[in-house]
Amino acid sequence: MRLFLFLLCLYFINIVHAEKGSSTVADVYKLSPAIYDVKGMGHWQKGSRGGQIRLVITRMEKQDEVFLQWVQWNEKGPEMVKSTIAVKEIKEQGRFKVDFIRRETVGHTRKIVLGLENLYDKTSTRAVIQVEDLGVYRCEFE
């Protein structure tokens, strides 16, 4: 019983410490439990606006859904999510789990490469995503 109370106290001390040490911990607590992975995948620029492109993967019942987000930045840092879209081609191809995430540059073109495992027959394929513009992408399979 003493060990349980000790561990419980440590748990609450860690929560209080984390909340005091970070101005964004409340945002982290708000994240959906379905969010499995988030990766920064490069930058975007459109006129005077710009920011980060991030890949968001959700997992429900072992199946992944893949989203792209364009996060606008100002001089202080991230300001707002400008656009969020599902990479619908992946879901349309079948039930997949993302095995790996990689950025590749071919020539001067940056691409996002996802290794996908088919949940039915366990075969592997690669989805190659190229961001074209704000809210616009192209996805091909290899």
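The values are calculated or read from the model by the stated rules, or taken from the named source; none is laboratory data. What you see is a predicted model; the values in this text were computed from it and never measured. Methodologically, a virtual Cβ is constructed for each residue, glycine included, from the backbone with ideal geometry; neighbour enumeration extends over all protein chains shown. Accessible surface is based on the protein model in full, side chains and every heavy atom, while ligands, DNA and RNA are left aside. Shrake-Rupley method; radii C 1.70, N 1.55, O 1.52, S 1.80 Å.
In nm, to one decimal, how far is the Ala34 label point from the Lys91 one, both placed 7 Å along Cα→Cβ?
Taking the two extended label points, one gets 0.9 nm.
What are the residues whose amide H is under 5 Å from the amide H of Leu119, where those residues sit 5 or more places off or on another chain and H is modelled from the backbone?
Residues meeting the criterion, in which the H sits 1.01 Å from N, are Arg95, Phe96, Lys97.
Going by amide H atoms built from the backbone, whose H comes under 5 Å of the H on Glu79, apart from near neighbours?
Gln72, Trp73, Asn74
Let me have the 222 nm mean residue ellipticity of the chain computed from DSSP H runs of 4+ only, each contributing -39500 (n - 2.57), with the sum over all residues rounded to the nearest 500.
When only DSSP H runs of four or more count, the value is -7000 deg cm²/dmol.
If one takes the longest principal axis of the Cα atoms in the chain, at what angle in degrees, from 0 to 90 and to the nearest 10, does the Cα axis of helix 2-21 lie?
60
Considering only protein heavy atoms and a probe of 1.4 Å, how much of the accessible area of the chain is carbon and sulfur, as a whole percent?
It is 55 percent, rounded to a whole number.
Which one, (1) 1.08; (2) 0.97; (3) 1.03, gives Rg/Rh (Cα atoms, Kirkwood Rh) as derived from the coordinates shown?
Working out Rg/Rh (Cα atoms, Kirkwood Rh) from the coordinates points to (1).
Quote the relative contact order of the chain in percent (integer), defining contacts as alpha-carbon pairs under 8 Å separated by 6+ residues.
About 13 percent, as a whole number.
What is the distance, in nm, between label points placed 7 Å from the Cα along the Cα-to-Cβ direction at Ser48 and at Ser83?
According to this spin-label approximation, the distance is 2.0 nm.
Net charge near Trp70: determine it from the other residues with C-beta under 12 Å of the C-beta of Trp70, scoring Lys and Arg +1 and Asp and Glu -1.
+1
Place the peptides 24-31, 80-87 in order of packing, highest mean first, counting for every residue the other Cβ atoms within 10 Å and averaging per peptide.
Those peptides, ordered most packed to least, come out 80-87, 24-31.
A 23 angstrom limit on the alpha carbon distance is what I want to check against. Which of Lys39/Lys97; Lys88/Lys111; Lys30/Lys122; Lys39/Lys91; Lys62/Lys82 exceed it?
On the way: Lys39/Lys97 16 Å; Lys88/Lys111 17 Å; Lys30/Lys122 33 Å; Lys39/Lys91 19 Å; Lys62/Lys82 29 Å.
Over 23 Å apart, Cα to Cα: Lys30/Lys122; Lys62/Lys82.
How large is ³J(HN,Hα) for each residue in segment 91-102, as worked out from phi by the Karplus curve 6.51 cos²θ - 1.76 cosθ + 1.60 (θ = phi - 60°), to whole Hz, x for Gly and Pro?
Going residue by residue, I get 5, 5, 6, x, 9, 10, 10, 6, 8, 8, 10, 8 Hz, with x marking Gly and Pro.
From the backbone phi of segment 62-72, what are the Karplus-calculated ³J(HN,Hα) couplings (6.51 cos²θ - 1.76 cosθ + 1.60, θ = phi - 60°) in whole Hz, Gly and Pro given as x?
6, 8, 9, 10, 10, 10, 10, 10, 10, 9, 7
Would you kindly state how much longer the chain becomes between Lys76 and Asp99 on full extension, computed as 0.36 nm times their sequence separation minus their alpha carbon distance, in nm to one decimal?
Numbers: separation 23, 0.36 × 23 = 8.28 nm, distance 3.42 nm.
Result: 4.9 nm gained on full extension.
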